[in-house]
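One structure below.
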Amino acid sequence: MSNAKVKGVEVEMGTGNVYADLGFADADEMLIKAQLVSKIAEIIKRKGITQTQAAQLLGMPRPKLSNLLSGRFRGVSERRLMDCLTSLDATYADRRQSDATVAERRPAVDRVRLNDFPRVRRLVP
C-alpha cells in the first residue's frame, strides 16, 4: 500500500481487497465470497423477489439468506454460493423461455460469467 495526500491529509491507498487491507488471513477467499454474494443480491433485486421467495428457490432458510446478504458468509463455501447463482439464473431462465414475447424483448442480462470470478472459474470443470 502507498500513501498519498488528499487536500493536505495523508491517505493510505488500499490494495483493492479490503479484507487483505484489514489483515484477514483468508482475504482472497473472503473477497470472492463477497463478490458472489453481491451478484446474488443483485439478481434478487433485479427480479423483484422477496428474501423468502429467494430462500425457497435456493433451498435454505430465510434467516440464512438474510445473513448471507448482510455479509455474514463465513462457513458458506464458494461452491454453495455458485450453486445459489446457478439456481437463481436457471429458475428465471425457465420462466423467461415460457413467455416468448417477453424473452424476445428482454435480453438475459442476469447471466453470471465465470470470467468475473477468476478463482472460482478454476473450481468449475
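Cβ-Cβ distance of Glu10 and Thr86, R₀ of 41 Å, FRET efficiency by 1/(1 + (r/R0)^6): the value works out to about 0.35. From most to least packed by mean Cβ count within 10 Å, the peptides 60-68, 34-42 give 34-42, 60-68.
No lab work stands behind these numbers, since they all come straight from the coordinates. Since this is a predicted model, take the numbers as computed values, not measurements. With ideal geometry, Cβ positions are generated from the backbone for all residues, glycine too; neighbour counts draw on all protein chains shown.
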